[in-house]
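Structure, as structure tokens:
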Amino acid sequence: MADLRSEFIGIKSPNPFWLASAPPTDKEYNVRRAFEAGWGGVVWKTLGSEGPPVVNVNGPRYGAIYGADRRLLGLNNIELITDRPLEVNLREIKSVKRDYPDRALIVSLMVPCDEDSWKAILARVEDTEADGVELNFGCPHGMAERGMGSAVGQVPEYIEMVTRWVKQHSRMPCIVKLTPNISDIRGPARAAKAGGADAVSLINTINSITSVDLDDFAPEPTIDGKGTHGGYCGPAVKPIALNMVAEIARDAETAGLPISGIGGVTTWRDGAEFMALGAGNVQVCTAAMTYGFKVVQEMISGLSEYMDRKGFTNTSELVGRAVPNVTDWQYLNLNYVTKAEIVQDDCIKCGRCFAACEDTSHQAIAMSEDRTFTVKDEECVACNLCVEVCPVDCIEMVQMAKGSVDPRTGETVGDYANWTTHPNNPSATAAE
Amino acid sequence: MSHSQLTEGIVPGRLDTEGYCKNFTDVAPPLGVQEARIAADRCYFCHDAPCMEACPTSIDVPLFIRQISTGTPEAAARTIFEQNILGGMCARVCPTETLCEGACVRMDSEGEPVEIGALQRFATDTLMAKQDHPFSRAPSTGKSVAVVGAGPAGLAAAHRLAMLGHEVTIYDAHAKPGGLNEYGIASYKAPGGFAQAEVAWLLQIGSITVVENWQLGRKGDGDLADLLGDHDAVFLGMGLSGVNALRLEGEDKSGIRPATEFIAELRQASDLASLPVGRDVVVIGGGMTAVDAAVQSKLLGALNVSLVYRRARAEMPASLHEQEHALTHGVSIIENAAPVAIHGNGAVREVEFAYTRSGPDGLEMTDATFRLPADQVFKAIGQTLGDTPAKVEVAGGKIKVDGAGRTTAPRVWAGGDCTHAGEDLTVTAVAQGRDAAQDIHHVLMEG
Ligand SMILES: Cc1cc2nc3c(=O)[nH]c(=O)nc-3n(C[C@H](O)[C@H](O)[C@H](O)COP(=O)(O)OP(=O)(O)OC[C@H]3O[C@@H](n4cnc5c(N)ncnc54)[C@H](O)[C@@H]3O)c2cc1C
Ligand SMILES: Cc1cc2nc3c(=O)[nH]c(=O)nc-3n(C[C@H](O)[C@H](O)[C@H](O)COP(=O)(O)O)c2cc1C
Ligand code: SF4
Ligand code: SF4
Ligand code: SF4
């Protein structure tokens with residue numbers, strides 16, 4: 001078993017799997033059970049200012065997207081920050097931290113955008129001896145209407161300002177949680193760094209409407225005939241989150257800024273992927289809400305088995321390992337030529353590759369009388385669609401050797417060459 | 001009547017009421033909504049799907065399963081019924097393991113096909129429960145067609161003809177329509193009076209008159225010339241009403257009868273406890289009829305049931321699935337043995353068999369023999385064509401038809417078990433009835 005102990009901005013935890021700030025971390029009862037189940041850390045459900053807590057709707061707050069067998073692929077919520085009194089939360093945080101000193105306990109915060117509000121709450125959080133704070137600049141519904149959450153997260157200047165206040169008024173490590181509801185994630189990340197953030201975490205949920213009730217003609221979840229957009233999370237958002245994490249990891253201005261990866265982490269593999277793209281650890285919400293706290297046990301065993309296989313002794317050896325390989329399209333090797341190849345022994349003859357290629361792509365798969373499917377190299381552009389639709393994963397992409405002739409283009413496979421120097425590229429030609 | 005399984009002879013009431021109930025309920029209970037959804041999710045929506053190819057009625061299986069998975073089982077049922085108006089019965093009786101499910105690509109990947117038959121039943125049951133008939137008739141063509149036989153072939157032909165706007169009269173020798181759906185299919189495959197319910201639902205299309213207790217060629221009923229005089233075309237879907245004999249001495253002893261007769265009686269019994277069955281039952285044959293007779297004897301309380309087939313098990317016409325069904329119900333299957341003598345004094349006591357082997361001229365008897373105790377013997381060695389009109393050519397014991405179902409007699413079509421193209425399957429009979437109807441329509445409208 002590989003050692004999964006992880007240290008993130010100086011905060012130690014027995015493994016890099018934390019629970020994200022959300023219902024699973026909304027109270028002592030939950031968090032104690034989460035720690036018992038093995039979670040390395042938690043980010044407590046977002047706290048608001050002193051005073052009467054926010055209220056939630058009293059009708060349904062979730063909507064979902066399903067895959068086969070009603071497997072939950074995407075979850076949408078219109079829940080707000082904690083609706084329990086601040087004092088209760090703070091008391092519970094203190095008690096849990098005292099009993100679990102080896103686990104990471106971060107407190108998520110969202111208060112109005114003025115220095116005093118932040119100053120006031122920081123003092124009280126420090127008193128709990130929590131390991132750090134996370135600034136929730138992400139919540140896309142409800143709180144944003146009140147000038148908080150993503151309303152702050154979408155304005156880099158505000159992010160920088162609030163982060164600076166937090167660093168000024170507290171000695172605690174500070175993570176800034178980013179909203180994905182923005183066109184370029186690098187802006188908010190740079191602002192967080194400029195404000196002195198120790199790390200960023202991302203993504204919070206994505207603005208979404210999951211479905212429409214076709215009898216009542218209202219978005220779901222429907223509250224008394226009306227619905228509102230909510231925040232989307234779960235396996236479906238992972239690709240969006242991975243890209244945003246990678247963008248920050250490879251941006252010259254933010255390179256090296258610690259990242260806590262969030263969004264659709266469901267298995268050890270998802271976690272490892274985030275880490276390879278630069279996340280120092282990961283946070284999980286939907287997977288726990290779907291399957292319960294026990295899912296972390298698979299994440300732990302899976303990651304540790306993977307690390308053993310790779311010979312990694314510390315998670316830091318994995319973190320960022322894929323970042324150098326994330327590049328721009330223009331630098332991709334146009335002389336890397338592959339052809340799809342069907343492993344006939346494994347093919348079950350469903351014909352989906354054929355339908356996909358014939359109807360929607362390049363007519364590069366032949367179907368014989370007896371349902372043998374073969375790739376026509378002279379037509380195959382190696383788009384990978386057949387690979388993606390094959391239900392038994394029996395199509396491989398085989399690289400053509402340098403010096404061989406691509407039967408589709410008649411051109412010889414040469415050395416690395418990219419778009420920047422391609423004859424069809426007007427800028428390349430102009431440069432000559 | 002206080003009989004038990006041990007009582008000798010052919011007696012009723014071997015089981016208690018509960019026993020009969022348990023033994024004759026639905027052999028494959030219907031899928032619930034949740035089960036159907038999970039089962040439907042397994043379909044890959046194959047291109048030019050092999051299952052569809054393997055279905056004799058070419059039901060668009062991937063489409064109907066997708067319709068189920070998107071929560072529209074009624075649309076799924078319509079997809080099924082467009083190709084196979086007896087899709088409800090077929091879902092219950094098709095040997096899917098050798099048809100659609102046998103061809104399912106999931107067999108290749110994991111040896112477990114998509115449950116096409118059960119899903120077909122889910123969809124068709126949903127629509128039929130609403131008493132909703134999804135088709136309507138085309139404007140009347142003024143043509144009329146006689147259909148002989150109200151079995152699957154005749155019903156499918158009649159429905160298609162009615163849909164196309166023709167006036168149809170179905171003539172059947174039995175008191176109830178349905179053919180073997182009503183008188184042959186094992187009772188646990190379509191319990192609850194499904195055969196009659198299905199016929200009633202099918203007839204909702206309208207313009208179909210059913211004449212019962214009318215036998216073609218019987219004095220007082222009518223012959224082919226009469227039908228051709230009254231109608232523009234005739235479709236023969238008469239099935240096989242005769243049975244093959246063992247041709248053994250002692251075959252007339254009491255206790256020996258055709259399996260089909262026993263099954264028909266069982267299907268019509270209002271109280272299974274009143275139906276007598278032997279303690280030691282021997283079934284001779286290797287097809288679906290033999291299996292059904294053997295299993296149902298066992299379910300009625302027979303103590304020992306042996307099914308004896310003259311060739312190897314692998315060659316049995318009954319599918320592997322059916323053989324297993326028999327074995328799990330406690331039927332012993334004896335292969336490579338043929339009956340040579342029937343012993344007993346008035347009533348059968350024992351059947352003597354000789355082991356067989358295959359020789360240069362086919363099957364040969366060996367000298368090795370054995371006897372099985374028997375108080376009841378069912379013959380299930382094949383059915384035969386009943387009397388057919390002289391003008392209709394018969395070859396190899398079946399009515400000769402071309403690809404479109406045309407017989408050698410003008411204006412006369414045929415389909416189902418009575419033709420050489422029949423495969424002794426409900427679904428094939430449906431396909432042939434439907435296709436002949438299309439051809440009849442074509443000819444009538446052209447002429
Ligand atoms: C015991 C048994 C079990 C079977 N189990 C299955 C099964 O599980 N699955 C499966 O797919 N297939 C099964 N089959 C086969 C299936 O039942 C037949 O293939 C199918 O019923 C053939 O349909 P048909 O319309 O051609 O004939 P039939 O169903 O035999 O119908 C013929 C009709 O014609 C009528 N008729 C006959 N002669 C005349 C006449 N002279 N005048 C008027 N009417 C006449 C009869 O009364 C009958 O109603 C089974 C068959 C038997 C015997
Ligand atoms: C019901 C619900 C409530 C949430 N509440 C908060 C919150 O109070 N504060 C916060 O920072 N994020 C909140 N989130 C966002 C999650 O912490 C997390 O960023 C997001 O769900 C993506 O991770 P996942 O795909 O693992 O769920 C909430 C998510 C859900 C589903
Ligand atoms: S999709 Fe895969 S399994 Fe299906 S035919 Fe193509 S290669 Fe074979
Ligand atoms: S009719 Fe029979 S063979 Fe055809 S798809 Fe349905 S169950 Fe399968
Ligand atoms: S072969 Fe199987 S998986 Fe493919 S369409 Fe038919 S039922 Fe679905």
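The values are calculated or read from the model by the stated rules, or taken from the named source; none is laboratory data. Quick caveat: nothing in here was measured; it's all calculated off a predicted structure. Please note: Cβ atoms are built from the backbone with ideal geometry, for glycine as well, and neighbour counts cover all protein chains shown. Note: accessible area is taken over every heavy atom of the protein model, side chains too, but ligands, DNA and RNA are not part of it. Shrake-Rupley method; radii C 1.70, N 1.55, O 1.52, S 1.80 Å.
Structure data summary
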quantity: Solvent accessible area, Å² - B:D439, 1.4 Å probe, full protein context; calculated: 20 Å²
quantity: Relative contact order for chain B, counting Cα pairs under 8 Å that sit 6 or more residues apart, in percent; calculated: 18 percent
quantity: Most to least accessible of A:H141, A:H362, B:H420 (protein chains only, probe 1.4 Å); calculated: B:H420, A:H362, A:H141
quantity: Dipole of chain A [Lys/Arg +1, Asp/Glu -1 at C-beta], most positive-end residue of A:G234, A:V107, A:F312; calculated: A:V107
quantity: Contact surface A-B: accessible area buried, both sides summed, square angstrom, 1.4 angstrom probe; calculated: 1100 Å²
quantity: Computed magnitude of the charge dipole of the stretch A:329-421 (debye, nearest 20; Cβ of K, R +1, Cβ of D, E -1); calculated: 160 debye
quantity: Per-residue SASA entry for A:K294, accessible area with 1.4 Å probe, Å² rounded to 10; calculated: 140 Å²
quantity: Point-to-point label distance, A:K119-A:H229, nm (Cα→Cβ direction, 7 Å offset); calculated: 3.6 nm
quantity: Square roots of 5 times each gyration tensor eigenvalue, C-alpha, the protein assembly as shown, largest first, Å; calculated: 71, 33, 28
quantity: Distance in nm between pseudo-label sites at A:N425 and B:A197 (7 Å out along the Cβ direction from Cα); calculated: 7.0 nm
quantity: Projected area averaged over orientations for chain B, convex hull of C-alpha atoms, nm²; calculated: 23.5 nm²
quantity: Amide H partners (placed H, <5 Å) of A:A218, local residues excluded; calculated: A:D213
quantity: Whole-Hz ³J(HN,Hα) from phi, Karplus 6.51 cos²θ - 1.76 cosθ + 1.60, for the stretch A:107-114, glycine and proline x; calculated: 10, 8, 10, 8, 10, x, 7, 9
quantity: Accessible surface of chain B [probe 1.4 Å, protein heavy atoms]: carbon and sulfur percent; calculated: 50 percent
quantity: Percent antiparallel among DSSP beta bridges (both partners in the protein assembly as shown, rounded to 5); calculated: 45 percent
quantity: P(r) weight above 17 Å for the stretch B:114-248, C-alpha pairs, percent; calculated: 63 percent
quantity: Fraction of beta bridges assigned by DSSP in chain A that are antiparallel (%, nearest 5); calculated: 50 percent
quantity: Chain-alone versus full-assembly comparison, the stretch A:323-362, residues with accessible loss of at least 40 Å² (1.4 Å probe); calculated: A:I348, A:C350, A:R352
quantity: Interchain or long-range residues, amide H under 5 Å from B:A341's placed H; calculated: B:E352
quantity: Once the Cα gyration tensor of chain A is diagonalised, semi-axes √(5λ) in Å; calculated: 43, 25, 23
quantity: Derived scalar couplings ³J(HN,Hα) [the stretch B:80-94; Karplus, 6.51 cos²θ - 1.76 cosθ + 1.60; whole Hz; x for Gly, Pro]; calculated: 5, 5, 4, 9, 8, 5, 9, x, x, 5, 4, 4, 8, 10, 4
quantity: Helical contribution to [θ] at 222 nm, DSSP H n ≥ 4, -39,500 (n - 2.57), averaged over chain A, rounded to 500; calculated: -8500 deg cm²/dmol
quantity: Burial of 20 Å² or greater, the stretch B:87-131 residues [accessible area, probe 1.4 Å, versus chain by itself]; calculated: B:V105, B:D108, B:S109
quantity: Charge dipole of the stretch B:33-129 about the Cα centre (unit charges at C-beta), most positive-ward option of B:I116, B:T96, B:L127; calculated: B:L127
quantity: Cα-centred dipole magnitude for chain B, charges only on beta-carbon of K, R (+1) and D, E (-1), debye, nearest 20; calculated: 360 debye
quantity: 1.4 Å probe accessible area per residue over chain B, in Å²; calculated: 42 Å²
quantity: Within the protein assembly as shown: Cβ-based charge dipole about Cα centre, in debye rounded to nearest 20 (Lys, Arg +1; Asp, Glu -1); calculated: 1400 debye
quantity: Where the stretch A:6-325 is the region considered: accessible area per residue in Å², 1.4 Å probe; calculated: 40 Å²
quantity: Alpha-carbon Rg with Dmax, taken over the stretch B:298-383, Å; calculated: 13.7, 42
quantity: Using distinct alpha-carbon pairs, which all enter the 1/r mean, Kirkwood radius of the stretch B:243-379 in Å; calculated: 15.1 Å
quantity: The stretch A:232-271, accessible surface, carbon-and-sulfur percent (1.4 angstrom probe); calculated: 57 percent
quantity: Vicinal HN-Hα couplings computed from phi for the stretch A:229-244 (Karplus, 6.51 cos²θ - 1.76 cosθ + 1.60; Hz; Gly/Pro x); calculated: 5, x, x, 9, 8, x, x, 4, 8, 3, x, 5, 5, 4, 4, 5
quantity: Spin-label pair B:S270/A:A401, simplified geometry with 7 Å Cα→Cβ offset, distance in nm; calculated: 8.4 nm
quantity: Pairs beyond 32 Å (Cα-Cα), from A:K97/A:K167; A:K94/A:K226; A:K27/A:K310; A:K349/B:K379; calculated: A:K94/A:K226; A:K27/A:K310; A:K349/B:K379
quantity: Listed residues B:A341, B:Y309, B:L385: farthest to the positive end of the dipole of chain B (Cβ charges); calculated: B:L385
quantity: Packing-based order for A:355-361, A:73-79, using average beta carbon neighbours within 10 Å, highest first; calculated: A:73-79, A:355-361
quantity: Most mobile of B:E97, B:E74, B:E249 in a GNM of chain B (Cα contacts under 10 Å); calculated: B:E249
quantity: Computed [θ] at 222 nm, helices only, for chain B once each DSSP H run of length n ≥ 4 contributes -39500 (n - 2.57); calculated: -10000 deg cm²/dmol
quantity: In Å², nearest 10: area of B:C43 left accessible to a 1.4 Å probe; calculated: 40 Å²
quantity: Accessible solvent surface per residue of the stretch A:329-421, calculated while the other protein chains remain in place, 1.4 angstrom probe, Å²; calculated: 58 Å²
quantity: Selected from B:G87, B:G151, B:G242 as most flexible by GNM, with chain B as the system and alpha-carbon contacts under 10 Å; calculated: B:G242
quantity: On Cα atoms only, tilt of B:259-268 relative to the major axis of chain B in degrees; calculated: 60 degrees
quantity: Protein-protein interface of the stretch A:26-70, residues with accessible area decrease of at least 50 Å², isolated chain reference, 1.4 Å probe; calculated: A:D69
quantity: Alpha carbon centroid spacing (whole Å) that separates the stretch B:350-395 from the stretch A:41-85; calculated: 74 Å
